[in-house]
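Report on one structure; see the data block that follows.
Any read-out appearing in this document is the output of simple, stated calculations on the displayed coordinates, not a laboratory observation. Source: prediction; values computed, not measured. Every residue, glycine among them, receives a Cβ derived from its backbone with ideal geometry; neighbour counts consider all protein chains shown.
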Amino acid sequence: MKKITITPLFVIAISLIATTLLLSSCTGTAEANTLNYTAIVEDDNTLVLSLTASVAIPDYMYFAGERTTFDRFDRRERLDRELNSFTYFHSTTMLLFKRANRIFPIIEPIMREHGLPDDFKYMAVIESSLDPFAVSPARAVGLWQFLEATGREHGLEINNYVDERYCIRRSTVAAARYLRRLYNRFGGSWTAASLAFNGGQGRIATQLQEQRVSDPLDLWLVAETTRYYYRMLAMKLVFENPQRYGFRMQAAHLHTPIEFTEVVVTSTIPNLIDFAIEHGITFAQLRYFNPWLRARRLPVAAGRSYTILIPTQESMYMRPEDIPAHNPRWVVN
């Protein structure tokens, strides 16, 4: 019997022929195939199915109440880059939704209390991927990625035992105060405040003057800062309508919101492992929910106090079917 050799090119050719026949059998013609895909999009209101399609860029949008238009080529292309990146970076973007279900309920009330527009929660998303333990190569730390000097400047305690840059609540208060300060410095522009949060207020102020532009989005800046604002815009678009960008989740897929008992500590804790066990949790759980604790003991100076969060057993063992969605628009039934 004659031996038949099957080459990789032969396999590819057969695959292409089979695919073509399959598409033809489903729709009859290439035109019908296009019409069939269009019908699916219209019926399902989903822009991204199993195909890789470039997503539509809006004509304009608002962030923190400020309007940005995308009729000019550079702004359109910058948003296009970030929006398509988040749309097709599936595992990472999906994880952001899961984490947001636990983090957003904590930071949103703090932001409102300090007069910060709600949209700035998306700054926390792009700063740290909503990971309170995040540390950048430049040693920026926590949810809002504060450098040590900037953290101290805005009231955060940082030493060998305590680093409040890791504390979700305290760091959010510091970020809100910092952004309000930047907003006032730049004449009531949240856009300029955003760029300054990333690129430094001195640099943004100097470049506005040297480049003689009034709109901070017209500045020529380092790539990281230039992309920064458009990444926030893209994140807002995806979070406000995840199904449109191909993300379909149920509430059970999201991370469980955790409820806490607050323990106010006014004296030194010599052993945090003992402290955790006394409160019915492990040391690992204590550190996870209080990442600002940086050692196995907590010295407390006279007149000082700390609030330690103890997760409730009920919330830690919540059944998936009982997990609430922080935003109903994130999930489908």
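Structural remarks
- Listing V141, V135, V222, V55 from fewest to most neighbouring C-beta atoms within 10 Å gives V222, V135, V55, V141.
- Classified by the C-alpha gyration tensor, the stretch 170-266 has an oblate form. Its axis ratio a/c, with a ≥ b ≥ c, is 1.5 or above, and a/b does not exceed b/c.
- Applying a DSSP loop filter and a limit of 15 other Cβ atoms within 10 Å to the trypsin sites (Lys or Arg not before Pro) in the stretch 191-228 leaves R212.
- The stretch 222-302: GluC sites (Glu not before Pro) in DSSP loop, at most 16 other beta carbons within 10 Å: E259
- For V331, the amide hydrogen comes within under 5 Å of no other amide hydrogen, counting only partners 5 or more places away or on other chains and with H modelled in the peptide plane.
- Prolate/oblate/rounded call for the stretch 257-317, Cα gyration tensor, a/c under 1.5 rounded: prolate
- Computed over the stretch 175-333, the percent of Cα pairs more than 21 Å apart is 67.
- Sorted by Cβ neighbour density within 10 Å, fewest at the top, the residues L147, L156: L147, L156
- Exposure proxy shown here: for I277, I126, I158, the number of other Cβ atoms within 10 Å sets the order, fewest to most, as I277, I158, I126.
- For the stretch 60-247, convex hull of alpha carbons as volume per residue, Å³: 121 Å³
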